[in-house]
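Structure, as structure tokens:
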Amino acid sequence: MSGYVAVGWSRTKYVYDGILIAGVAIWIAGFMGVEAWLHPPKSQPEWIDLRIKAFGTCAFLMLTIILCIGPLARLNPRFLPVLYNRRHFGVLMFLVAGVHAWSMVEWFAVQGVLPSLVDELTDWPNYLKFIGFPFKTLGIVALFIFFLMASTSHDYWLALLRPPAWKALHMAVYVAYGLVVIHVALGAMQRDRGLFIPILLGASLAIVAILHLVAGARGRAIDRGTAPSADGWIPIGPPRSIPDKGAKIVAAPGGERIAVFRDGDEIGAITNVCAHQNGPVGEGKIIDGLITCPWHGYQYQLKNGCAPPPFTEKLATYRVRLKRGIIEVNPSALPAGTPASIKVPLNA
Amino acid sequence: MIWPALALAVLVGFVMALVLRPPAEPTSPPAQEQRR
């Protein structure tokens, strides 16, 4: 293990978490209030059933929003603040889904029919059916994935597992989302024959899919990039075409993305992959003289890709040059932390 | 290729579940009984 540094709490994080918890409370109270008013529950199991629905819909909406945050932040930097604390959102969603699952167990328990739940989950012939498939099993598997993700969400685990393995584990959220969609489609949607659930599922699927396709198309446009010149250097453009305190992102022939930053008359290139959590550094800005990753605020010096002391993260740098008024970058990565920035005349 | 395949499987599953779900209202008491 290396490099675990606890990230402190800030007022912004408290506000973010406060809004999250308030949103969950409003949804649960609103859903239960309206439903109880329209169809007053007549028994304890009916009240529990209402709670199952309220927490289930809440967890599903939260999961949909969580999956939209990534592509939205790639398409528009205004969504970046929502991305910073996405992990808290995920952990809270796991807790809400956990209450949904626990309420289901309670529904069987208060009626003294817990064995029926076991029978339902172990009715093996039903696993061969489509309609009639034990949909609760799909929800349980998804909840287990959310549990693994929530329990490893802390930066301690990120440092222990290393970013690639951690990221791979957390990509399982898409598998869990698929399981949840089918869990609802084969469960609640079969029993409740109104339009609410089909619209909820269909809208969620459409929004998540479209946002990922659009954000992916933008990423592929960067990857197509500009062909390197005869000597292998990639042209970026005149110095002023790189936004001041910002970057242009290009792709090396091997697919590695390179972020070429400009801070006034200083230009430097680093890998676009943050050492913390593989975030897109090039979509960040230079703040207080340091390149700042948009995901979690990890910072690096433009001149050499090193985090400022006492931090020890280092990013690979790339050689840059000014040739006939055009900034060019050499796509061969230098060892992490190698000084490689240059000063250029801006009136060239 | 795994992600497009997963997305397609989920979409097909959702549409099938929607198409195959029982009608909105039971047509007769026996039909209602059968669903129980």
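Can you give the translational diffusion coefficient of chain A in µm²/s, computed by Stokes-Einstein from the Kirkwood radius over Cα pairs at 37 °C and 0.692 mPa s?
Working: Rh = 23.0 Å.
The estimated diffusion coefficient comes to 143 µm²/s.
Under 25 Å of direct C-alpha separation, and excluding same-chain neighbours fewer than eight residues apart, A:K53 reaches these lysines: A:K42, A:K129, A:K136.
Helix-derived [θ] at 222 nm for chain A: sum -39500 (n - 2.57) over DSSP H runs of at least 4, divide by residue count, nearest 500?
Working: 11 runs with 177 residues, N = 348.
Using -39500 (n - 2.57) per qualifying helix, the result is -17000 deg cm²/dmol.
Remark: the stretch A:211-348 is approximated by an ellipsoid whose semi-axes, taken from the C-alpha gyration tensor as √(5λ), come to 21, 19, 14 Å, largest first.
Counted residue by residue at 0.36 nm each, then reduced by the alpha carbon distance between them, the extension gain from A:S43 to A:A230 reaches 59.5 nm.
Counts of other chain beta carbons within 10 angstrom of each beta carbon in peptide A:177-187 average 4.
For peptide B:4-17, what's the mean number of Cβ atoms from other chains within 10 Å of each residue's Cβ? Kindly include the intermediate steps, with their values, before the conclusion.
Details: counts 1, 0, 4, 8, 0, 2, 13, 6, 0, 7, 12, 3, 5, 14.
Counting other chains' Cβ atoms within 10 Å and averaging over B:4-17 gives 5.
Note on the stretch A:271-348: percent of Cα-Cα distances in each 5 Å bin, starting at 0 and stopping at the bin with the largest distance, equals 3, 16, 24, 25, 18, 9, 4, 1.
Label positions at A:F196 and A:F147, each projected 7 Å from the Cα along the C-beta direction, are separated by 2.9 nm.
Sorting the segments A:243-249, A:114-120 by their residues' average number of neighbouring beta-carbon atoms within 10 angstrom, most packed first, yields A:243-249, A:114-120.
Summarise the partner chain shielding of A:200-210 as one whole number: the mean count of Cβ atoms from other chains within 10 Å of each residue's Cβ. Mind showing how you got there, number by number?
Numbers: counts 0, 4, 4, 0, 1, 5, 1, 0, 2, 3, 0.
Counting Cβ atoms of other protein chains within 10 Å of each residue's Cβ and averaging gives 2.
Listed by chain and number, the aspartates and glutamates whose C-alpha is less than 14 Å from the C-alpha of A:K167, apart from same-chain residues fewer than 8 away, are A:D155.
Looking only at the stretch A:307-348, which residues have a backbone nitrogen under 11 Å from a spot 7 Å from the Cα of A:D265 in the C-beta direction? Those under the cut-off are A:343-348.
Report relative contact order for chain A in percent, whole number only (criteria: Cα-Cα under 8 Å, sequence separation at least 6). It would help to have the intermediate numbers written out before the result.
On the way: 498 pairs, mean separation 43.7, N = 348.
Across chain A, relative contact order equals 13 percent.
Applying a 4.7 Å cutoff between beta carbons, the unpaired cysteines of chain A are A:C58, A:C68, A:C306. Exceedance of the 24 Å cut-off in Cα-Cα distance is limited, within the set A:K13/A:K285; A:K248/A:K314; A:K13/A:K314, to A:K13/A:K314.
Based on DSSP H assignment, which helices of chain A show an axial Cα extent of at least 15 Å together with a mean Kyte-Doolittle hydropathy greater than or equal to -0.5? Display every interim value, and only then the final one.
Working: long enough: A:11-38 (40 Å, 1.00); A:44-75 (47 Å, 1.05); A:86-110 (36 Å, 0.96); A:135-151 (24 Å, 2.09); A:173-186 (19 Å, 2.18); A:196-224 (42 Å, 1.37).
Sorted by number, the helices that extend far enough and score high enough are A:11-38, A:44-75, A:86-110, A:135-151, A:173-186, A:196-224.
Working from label points 7 Å from Cα in the Cα-to-Cβ sense, the A:W157 to B:L11 distance is 3.1 nm. Note: relative contact order over the stretch A:213-348, using C-alpha pairs below 8 Å and six or more positions apart, is 23 percent.
Of the residues A:N330, A:N126, A:N304, the one that moves most in a GNM of chain A with alpha-carbon contacts below 10 Å is A:N126.
Bear in mind that the values in this text are calculations on the coordinates, not laboratory data. Quantities reported herein were computed from a predicted structural model and do not represent experimental measurements. Because the Cβ atoms are built from the backbone with ideal geometry, glycine has one as well, and the counts that use them run over all protein chains shown.
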